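The values are calculated or read from the model by the stated rules, or taken from the named source; none is laboratory data. Quick caveat, the model's predicted, so the values are computed rather than measured. Please note: Cβ atoms are built from the backbone with ideal geometry, for glycine as well, and neighbour counts cover all protein chains shown.
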Amino acid sequence: MTGNTETGKSGGFHGNPLGKSEKSERKYAGIREWRTELSISRLFRTSIKVQTAFDRCFSQFGMTAQEAAVLVHCAEQGETSAGKLAKAMGRDKAKITRFVGRLEASGFLTRKNDPHDQRLRVIKATTRGRRFAPDLKNRFEEVRNQFFQGILNVDIDKLEALLAQLHANAERLCERKSLKDVLNS
């Protein structure tokens, strides 16, 4: 074997799964460990690239992709709350509240006290926000189409199944209380 998969005396794999240019003395127990580390690294790097592409697309509107997603969701829902947005978008409520604050400062959203429950704030797209939302939604679709260009629908379905399983595995890891719990499982 050559390159990143040279077998050492211990039977493990030497090399850096992240690239040939970086030196590493890390020994891998086997090809599966090396490949899974490479896959996780590629998943992180791809996530960063996709997020960057989306953010660049929406920067001309003065917002991030996550803020654009909040605005589109609010425009489609009519009235909502930070808690409902957080649940629908798979984000924590504090982050959603920050996004809403920036969108409110830019005149895209409003927040008002709920007349039935003063503890809640009702979030609603302004006229300006509702006017921008269809364009933002189209931009999301354009970037998604470019991202999946050249990939067959059957492969996208397989990817979705794999990502769903990885997400479920990550959720289980996050539920554990400590690193010790993770190492002992």
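Given the condition over 22 Å from Q51 (Cα atoms) and part of a helix (DSSP H, G or I), answer yes or no: does some residue in segment 95-105 qualify? For segment 95-105, residues over 22 Å from Q51 (Cα atoms) and part of a helix (DSSP H, G or I): present. Flag: G78 matches the condition of being over 21 Å from V50 (Cβ atoms) and at pLDDT below 95. From the list K112, K137, K124, the one residue that fits, being outside the structural domain of S47 (by TED's automatic domain parsing) and either part of a helix (DSSP H, G or I) or aromatic (F, W, Y) (or both), is K137.
The numbered conditions (1) assigned to a loop (DSSP other than H, G, I, E, B); (2) farther than 21 Å from R98 by Cα are all true for C174 except (1). A105 fulfils the conditions (1) out of contact with any Phe, Trp or Tyr (no Cβ under 7 Å at 6 or more places or on another chain); (2) among the aliphatic types (A, V, I, L, M); (3) at pLDDT 95 or above; (4) surrounded by 11 or more Cβ atoms within 10 Å (Cβ to Cβ) except for a single criterion, (4). Consider segment 44-79 and keep the residues that are surrounded by fewer than 13 Cβ atoms within 10 Å (Cβ to Cβ) and under 14 Å from the mean Cα position of the chain (by Cα). The one that is nearest to A170 (Cα to Cα) is F44. Against the test of being outside any helix (DSSP H, G or I), of a type in the set (A, V, I, L, M) and modelled with pLDDT under 90, the options M1, M63 yield a single qualifying residue, M1. Exactly one residue out of R119, R131 is farther than 30 Å from S39 by Cα and surrounded by fewer than 10 Cβ atoms within 10 Å (Cβ to Cβ): that is R119. Evaluation of G83 against the conditions (1) in a helix (DSSP H, G or I); (2) touching a Leu at 6+ places or on another chain (Cβ under 9 Å); (3) at pLDDT below 95; (4) within 29 Å of Q146 (Cα to Cα) shows that the sole unmet condition is (4).
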